[in-house]
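A.B. asks: Below you will find the structure I want to go over with you.
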């Protein structure tokens, strides 16, 4: 059996969407993910799509977590998922979005399907921080030795 | 920097607020914005007709706030509702129709936006005939954008001068600082008060003669009362020459999920406004935790606030200690003086103070913020400094809990939610478990 290359801490890029200025969700998720052993690149509020793509290409993270609560999450999420998935190096990285994704507070089934179709692997409702961590943990358990990080991700849509 | 300071100026909005305040009334105002002009107008009409002393609000959508006008046009083209009124994209004609026969001296309307780079919004606002808005170079940059603070300070300086120079004849602009809110929760009151005063000084330096200082309800009523009284004293000391009033924001953090809890918190904010002599209150609704409120839910909140404000005993039972007020006055004054000592230009002083960590907003992720300060909620429900970083003020000497930092933060973020939804009794927290 070939042992995996020296294990580094799994890296998550954590971000809001371009129109969302809220950050408490991001502060909480950063702490939570760090407690679960992840190294977190927290991009903060109002992240332009270009910046998110740039950081993801530079880091090739183990997962991308998008959290947004201002109600434009469906519109912004669909757009940026397509942007990220259009980059060959990011095509297989697990991506999830969560929060208050629509003006009514929750994303309906059709919106969730649209977000998944655009490239997300999972869509979470507001207040699902622990579920996000569990989802990531499951991904981690499924791929103890994913050396290249750019290959198709277990559980991903690739 | 303007050569001469502005004279105290009247303004439709502030004249109305001062006049109603002299008559013993509390002016109440929603946070409200809808993308469709018909719905926005219906909302303003309903606010005007509400059984309370009201001013109107137009809250812009968050694409407009960040200057993403392309996304606004796309949403308008496809009929996708936005989370506010896109003032710039709708244009002057639509905006005039929105306000015609509705906004005026007896029903002034304020633009609320959240933009770190406000010039285009200010131009659109003046073109629409509006002369009241809010925000600030720090309060709309650090918490709500990734714009470098120096750039936001320049943009706000230009924006203020635009408002001062281009206001309609005889109708100077009123500007409210959002400094009393910042991230909405977990910012100890001394820093909120200092930022409100500093931003108003910034506005005044750039030609605005009518301002308001904000303070967002926090986690302990007695501490809030002491903080707002300290803020009034500081405003009198620093802003004596201009026309100013105080606006309270109903709690801006994680909101109670029950209807009873949400309305109780709203009523508490009215009592705070009455006890402090605040002239105006910006309300929240019963569904704040769940979604963007409807017109009817906003009206319900305004009418409840008006009803509570009208009770003769509205402020009964609220008291603050002189010692607490003096301590908060000193803490805020120390932060103000440390900032003003850095440069004679208030904007440059603010930029340097943040860069040096002399002003440090706890948990704020903006790249220019030191983000070394941390907050705790003590056993009385008061916000205290757990760490003050490089700020020239002291942290509380309290032992801190150990455990999951994430869930400890969540616990603090949800303190008000739990208290108002009946999970915690009274304003005070139960004593810590001995086994904890």
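A.B. asks: Return only the number of the condition from (1) within 14 Å of chain A (Cβ to nearest Cβ); (2) in a loop (DSSP other than H, G, I, E, B); (3) modelled with pLDDT of 95 or more that residue B:402 does not satisfy.
C.D. replies: (3)
A.B. asks: Can you tell me which of B:31, B:77, B:48, B:73 is away from chain A (no Cβ under 12 Å), surrounded by 15 or more Cβ atoms within 10 Å (Cβ to Cβ) and either more than 22 Å from the chain's Cα centre (by Cα) or outside any loop (DSSP other than H, G, I, E, B) (or both)?
C.D. replies: Answer to the selection: B:48.
A.B. asks: If you scan region B:371-399, which residues turn out to be away from chain A (no Cβ under 14 Å), in contact with a helix residue (DSSP H, G or I) (Cβ under 9 Å, 6 or more places away or on another chain) and not in a loop (DSSP other than H, G, I, E, B)?
C.D. replies: Those that are away from chain A (no Cβ under 14 Å), in contact with a helix residue (DSSP H, G or I) (Cβ under 9 Å, 6 or more places away or on another chain) and not in a loop (DSSP other than H, G, I, E, B): B:376, B:377, B:383, B:385.
A.B. asks: Would you point out which residue out of B:136, B:114 is under 23 Å from the mean Cα position of the chain (by Cα) and at pLDDT below 95?
C.D. replies: After applying the criteria, what remains is B:114.
A.B. asks: If residue A:55 satisfies every condition in (1) touching a helix residue (DSSP H, G or I) at 6+ places or on another chain (Cβ under 8 Å); (2) more than 12 Å from every other protein chain (Cβ to nearest Cβ); (3) under 23 Å from residue B:67 (Cα atoms) but one, which is the exception?
C.D. replies: (1)
A.B. asks: Can you tell me which condition residue B:104 does not meet? The list is (1) within 14 Å of chain A (Cβ to nearest Cβ); (2) modelled with pLDDT under 95; (3) surrounded by fewer than 21 Cβ atoms within 10 Å (Cβ to Cβ), and all the others hold.
C.D. replies: Against the list (1) within 14 Å of chain A (Cβ to nearest Cβ); (2) modelled with pLDDT under 95; (3) surrounded by fewer than 21 Cβ atoms within 10 Å (Cβ to Cβ), residue B:104 comes up short only on (1).
A.B. asks: Suppose we filter region B:54-70 for residues that are more than 14 Å from residue A:48 (Cα to Cα) and more than 10 Å from every other protein chain (Cβ to nearest Cβ); how many remain?
C.D. replies: Total meeting the criteria: 7.
A.B. asks: Take the conditions surrounded by fewer than 24 Cβ atoms within 10 Å (Cβ to Cβ), more than 14 Å from every other protein chain (Cβ to nearest Cβ) and on the phi > 0 side of the Ramachandran plot and apply them to residue B:261. Does it pass?
C.D. replies: When the stated conditions are applied, residue B:261 does not pass them.
A.B. asks: Moving to a separate point now. Which residue, of B:368, B:360, is in a loop (DSSP other than H, G, I, E, B) and more than 14 Å from chain A (Cβ to nearest Cβ)?
C.D. replies: B:360
A.B. asks: From the residues in region A:20-46 that are assigned to a loop (DSSP other than H, G, I, E, B), more than 7 Å from chain B (Cβ to nearest Cβ) and within 15 Å of the chain's Cα centre (by Cα), which one is surrounded by the most Cβ atoms within 10 Å (Cβ to Cβ)?
C.D. replies: This residue is A:38.
A.B. asks: Mind listing just one residue for me: the one in region B:108-130 that is assigned to a strand (DSSP E or B), touching a residue at least 60 places away in the same chain (Cβ under 8 Å) and touching a helix residue (DSSP H, G or I) at 6+ places or on another chain (Cβ under 8 Å) and, of those, farthest from residue B:147 (Cα to Cα)?
C.D. replies: Going through the qualifying residues, I end up with B:109.
A.B. asks: When the residues of region B:150-180 are narrowed to those that are surrounded by 24 or more Cβ atoms within 10 Å (Cβ to Cβ) and within 14 Å of chain A (Cβ to nearest Cβ), which ends up nearest to the chain's Cα centre (by Cα)?
C.D. replies: Only one residue fits best here, namely B:178.
A.B. asks: Taking residue B:190, is it over 13 Å from the mean Cα position of the chain (by Cα), without any contact (Cβ under 8 Å) to a residue 12 or more places away in the chain and more than 19 Å from residue B:26 (Cα to Cα)?
C.D. replies: No; evaluated as a whole, the condition is false for this residue.
A.B. asks: Restricting to region A:58-72, give me the number of residues that are within 14 Å of chain B (Cβ to nearest Cβ), touching a residue at least 60 places away in the same chain (Cβ under 8 Å) and at positive phi.
C.D. replies: 0
A.B. asks: Please specify each residue of region B:33-59 satisfying the condition of being touching a strand residue (DSSP E or B) at 6+ places or on another chain (Cβ under 7 Å) and over 11 Å from residue B:98 (Cβ atoms).
C.D. replies: Matches in region B:33-59: B:33, B:47, B:48, B:52, B:53, B:54, B:55, B:57, B:59.
A.B. asks: Oh, and also: Out of all the residues in region A:74-90, is one or more assigned to a helix (DSSP H, G or I) and in contact with a strand residue (DSSP E or B) (Cβ under 6 Å, 6 or more places away or on another chain)?
C.D. replies: Among the residues of region A:74-90, at least one is assigned to a helix (DSSP H, G or I) and in contact with a strand residue (DSSP E or B) (Cβ under 6 Å, 6 or more places away or on another chain), which makes the answer yes.
A.B. asks: Residue under question is residue B:213, and the condition is that it be part of a strand (DSSP E or B), touching a helix residue (DSSP H, G or I) at 6+ places or on another chain (Cβ under 8 Å), surrounded by 24 or more Cβ atoms within 10 Å (Cβ to Cβ) and at pLDDT 95 or above; does it hold?
C.D. replies: Yes; evaluated as a whole, the condition is true for this residue.
A.B. asks: Return only the number of the condition from (1) surrounded by 19 or more Cβ atoms within 10 Å (Cβ to Cβ); (2) assigned to a helix (DSSP H, G or I); (3) within 14 Å of chain A (Cβ to nearest Cβ) that residue B:335 does not satisfy.
C.D. replies: All conditions pass for residue B:335, except number (3).
A.B. asks: While we're looking at this one, here's another question. Just need a number here: residues in region B:83-95 that are in a loop (DSSP other than H, G, I, E, B) and modelled with pLDDT of 95 or more.
C.D. replies: Qualifying residue count for the region: 3.
A.B. asks: If you don't mind, another one. So which residues in region B:222-241 are out of contact with any helix residue (DSSP H, G or I) (no Cβ under 7 Å at 6 or more places or on another chain) and under 14 Å from residue B:198 (Cβ atoms)?
C.D. replies: B:237
A.B. asks: Look through B:205, B:185 and report the one residue that is within 26 Å of residue B:386 (Cβ to Cβ) and touching a helix residue (DSSP H, G or I) at 6+ places or on another chain (Cβ under 7 Å).
C.D. replies: Checking each option against the conditions leaves just B:185.
A.B. asks: If I ask for residues that are touching a residue at least 60 places away in the same chain (Cβ under 8 Å) and within 18 Å of residue B:194 (Cβ to Cβ), which ones from region B:243-257 would you list?
C.D. replies: Across region B:243-257, the qualifying residues are B:247, B:249, B:252.
A.B. asks: Report whether or not residue B:98 is closer than 20 Å to residue B:36 by Cα, touching a residue at least 24 places away in the same chain (Cβ under 8 Å) and outside any loop (DSSP other than H, G, I, E, B).
C.D. replies: For residue B:98, the condition - closer than 20 Å to residue B:36 by Cα, touching a residue at least 24 places away in the same chain (Cβ under 8 Å) and outside any loop (DSSP other than H, G, I, E, B) - is met.
A.B. asks: Kindly establish whether residue A:112 is without any contact (Cβ under 8 Å) to a residue 24 or more places away in the chain, away from chain B (no Cβ under 12 Å) and either buried (at least 17 other Cβ atoms within 10 Å of the Cβ) or in a loop (DSSP other than H, G, I, E, B) (or both).
C.D. replies: For residue A:112, the condition - without any contact (Cβ under 8 Å) to a residue 24 or more places away in the chain, away from chain B (no Cβ under 12 Å) and either buried (at least 17 other Cβ atoms within 10 Å of the Cβ) or in a loop (DSSP other than H, G, I, E, B) (or both) - is met.
The values are calculated or read from the model by the stated rules, or taken from the named source; none is laboratory data. Keep in mind it's a predicted model, so treat the numbers as computed, not measured. All Cβ positions, even for glycine, are placed from backbone atoms using ideal geometry, and neighbour counts span all protein chains on display.
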